[in-house]
Amino acid sequence: MPTRLTNYFLKTLREDPSDAEVTSHRLLVRAGYIRRQAPGIFAWLPLGLRVKAKIEAIIRDEMTAAGAHEVHFPALLPKEPYEVTGRYVDYGDGMFRLADRRGVGYVLAPTHEEVFTLLVKDLYNSYKDLPLSIYQIQDKYRDEARPRAGLLRGREFTMKDAYSFDYTDAGLDVSYQAQRDAYERIFTRLGLEYVIVKADAGAMGGSKSEEFLHPTPVGEDTFVRSAGGYAANVEAFTTLVPAALPTEALPAPTVFDSPNTPTIQSLVALANAGQPRADGREWTAADTLKNVVLAVTQLDGTRELVVVGMPGDRDADLKRAEVAFQPAEVEPANDDDFAKFPGLIKGYIGPWVEGGEKPVLGEESTTGIRYLLDPRVVTGTPWITGANEAEKHVFGLIAGRDFTADGFVEVADVRDGDPAPDGSGPIETARGMEIGHVFQLGRKYAEALGLKVLDENGKLVTVTMGSYGIGVTRILAIIAELNNDDKGLIWPKAVAPFDVYVVATGKDPAVYAAAENIVADLEASGRDVLFDDRPKVSPGVKFRDAELIGVPRIVIVGRGVADGTVEVWNRTTGDRVEVALDGVVAAL
RNA sequence: CGGGGCGUAGCUCAGCUUGGUAGAGCGCUCGGUUUGGGACCGAGAGGUCGCAGGUUCGAAUCCUGUCGCCCCGACCA
């Protein structure tokens, strides 16, 4: 049966909703696909559900092809499994927590690793049962600090989450690859451009992780890629470490007076004015060692100061710092922090002090503060840096000879032109929106929840897992974001809510009779038809609605009927052609 | 959580500076005309002006507080 507008649950809006800013949000609300319920939470109307179902069908198809089986968990779950793995705490404010009438704790699941693990533990005991891949398409809940951009970042969203279970690392590699391949097919079928980048596993834990990013300037993730094929989320980017240099024959460091030079810029200016380089080149910020003081707060509330030394032309990237120190929070040290460590002279911090028995920072330091270095600060490199006395800096301080560190850390910002760590050339940075993420979780969850099987030798082994997510509703929004014009949405055929939109115009009964025949023909040919059969609506309104709703093929039945023709309109290309009444199906 | 903007009819908004009977367009209902690009005429229905307190003879308008929403940032498997 065709869907008739005379009794469909659809109301389009003539004007843009005032609370919608981004294109996808604006058009999906205006065209009657979704309605806002609360910030980041949307009701799905019939049109929206149809598009969502189309996307889900493609995902199901490829999941089945990849050997995964569909299950379905509640969104409302007991909190205990999340306490066992630690995520009840680790997830922080991002998780919705609630209690029933008796005060028993529940969560609205932000993701389902724990309960999938427990389900498999309930049912499986033997390696013969493995490998296993199961998935669901379910709504997820995250208490986002600021939901935004309609469906693009909501507090409730639909996700396909799959989990693989293997008892060997090699098996996990195979399961992971199967999902990864399925993702490539899914995004290709959806017509979504994607880049696979190395990712940080974050709070999920685990070893290997890759993100599928849709490149777009409005994306929330920054990623890098090289012409040679390297691609990584900026948070997972690692620095190409230069070779160490010999320290013999290098002159001793020299301290010099540097009044009023608390910044790298002023230091470079002073150096060029007072201490010109022997080779005639100018000193630059990259010749200085900037020592950034960070406050690292652990989950239990412990606050630790850490000093990170990096080339002076770089800034600390707090997101990369969060990854480096996770799960702790990182922020720049404040005045109170500095007050506790009078040995740190702001603007003149350095690892070394003239005549000091022990270093100020580094191994066996007098301050005891953890000192970490950017990987570029390799043994043998000379630096201009603070001398740890007010208004004094030091020249020619040699890494590895004059100072050491407690370790190395990836905190410095990443730039266009930086070399890729795999030697594939300079990288460029770009923005992307995360549409999928695949993880090798390893044994973190199975270990915590006790998922073990007996192997071929009768020994208990802990299962190794993978977790694979696709943001269904986010994808729908991105497709809407990509496929529209000033008149409205223009769905790709693969996800359009209907195949054909038939408009009957005028009030001539012959026109409506002809339209009914065409609709019947289209339905008989297997097309889903949305039929605008509203009798008292003017043609202008009907055309506007057809354009707004964005079904890719529109058939206009009207004045041409007298001559035995109708108009077939390709919304995607804008082409409109006259065809005979009985030639509509063939013309599509 | 920091910064900015906004809460008036179902929707989009005006009115607030300078206090004095609550408005427009669209949408909706009824009658009539109209039907290939958001038609027209006539008659209607519809609002505790976010909420609370205060000032005042009188508050949508002024003051205080509070709640909510949107945007930017922080945050974001």
Checked region A:439-483 for anything of a type in the set (Asp, Glu) and surrounded by 19 or more Cβ atoms within 10 Å (Cβ to Cβ); matches are A:Glu481
Note: among A:Val411, A:Val360, just one is of a type outside the set (Lys, Arg) and at pLDDT 75 or above, namely A:Val411
Here the residues within region A:402-450 that are more than 20 Å from the chain's Cα centre (by Cα), among the aliphatic types (A, V, I, L, M) and assigned to a strand (DSSP E or B) are A:Ala412
Within region A:101-117, the count of residues that are open to solvent by 50 Å² or more (accessible area, probe 1.4 Å) and touching a residue at least 24 places away in the same chain (Cβ under 8 Å) comes to 2
Somewhere in region A:44-65, is a residue under 24 Å from the mean Cα position of the chain (by Cα), within 16 Å of RNA strand B (Cβ to nearest atom) and in a loop (DSSP other than H, G, I, E, B)?
no
Flagged pairs (Cβ under 7 angstrom, 6 or more apart or on separate chains; first in region A:188-201, in contact (Cβ under 8 Å) with a residue 12 or more places away in the chain; second hydroxyl-bearing (Ser, Thr, Tyr) and crowded, with 18+ Cβ neighbours inside 10 Å) are A:Ala199/A:Ser209; A:Asp200/A:Ser209; A:Ala201/A:Ser209
inquiry  = Please verify whether A:Leu27 is assigned to a helix (DSSP H, G or I), more than 26 Å from A:Ala162 (Cα to Cα) and not assigned by TED's automatic domain parsing to the domain that holds A:Glu523, treating the condition exactly as stated.
reply    = yes
Note on A:Glu156: of the conditions (1) more than 11 Å from RNA strand B (Cβ to nearest atom); (2) under 25 Å from A:Glu220 (Cβ atoms); (3) open to solvent by 60 Å² or more (accessible area, probe 1.4 Å), unmet is (3)
Among residues of region A:512-543 being β-branched (Val, Ile, Thr) and open to solvent by less than 10 Å² (accessible area, probe 1.4 Å), the residue nearest to RNA strand B (Cβ to nearest atom) is A:Ile518
Condition set of a type outside the set (Asp, Glu) and within 9 Å of RNA strand B (Cβ to nearest atom), scope region A:544-559, selection farthest from A:Arg26 (Cα to Cα): answer is A:Arg559
Taking region A:165-220 and keeping residues at pLDDT 90 or above, crowded, with 16+ Cβ neighbours inside 10 Å and among the hydroxyl-bearing types (Ser, Thr, Tyr) leaves A:Tyr167, A:Ser175, A:Tyr176, A:Tyr183, A:Tyr194
In region A:92-104, residues that are more than 20 Å from the chain's Cα centre (by Cα) and under 27 Å from A:Thr297 (Cα atoms) total 3
Of those in region A:15-37 that are open to solvent by 30 Å² or more (accessible area, probe 1.4 Å) and under 24 Å from the mean Cα position of the chain (by Cα), the residue farthest from RNA strand B (Cβ to nearest atom) is A:Thr23
Counting only residues that are of a type in the set (Phe, Trp, Tyr) and in a strand (DSSP E or B), region A:486-534 contains a total of 2
Legend entry - Any hit, region A:82-100, residues being touching a Leu at 6+ places or on another chain (Cβ under 9 Å), outside the structural domain of A:Tyr512 (by TED's automatic domain parsing), in a loop (DSSP other than H, G, I, E, B) and without any contact (Cβ under 8 Å) to a residue 40 or more places away in the chain: no
Listed by first then second residue, the pairs whose first member lies in region A:12-24 and is part of a loop (DSSP other than H, G, I, E, B), whose partner is modelled with pLDDT under 90 and near RNA strand B (Cβ under 6 Å from one of its atoms), with beta carbons under 7 Å and at least 6 positions apart or on separate chains, are A:Val22/A:Ala149
By residue number, the members of region A:231-255 that are in a strand (DSSP E or B) and modelled with pLDDT of 75 or more are A:Ala231, A:Ala232, A:Asn233
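The values are calculated or read from the model by the stated rules, or taken from the named source; none is laboratory data. Predicted model only: the values in this text are computed from it and were never measured. Because the Cβ atoms are built from the backbone with ideal geometry, glycine has one as well, and the counts that use them run over all protein chains shown. Accessible surface areas use protein heavy atoms only, side chains included; no ligands, DNA or RNA. Shrake-Rupley method; radii C 1.70, N 1.55, O 1.52, S 1.80 Å.
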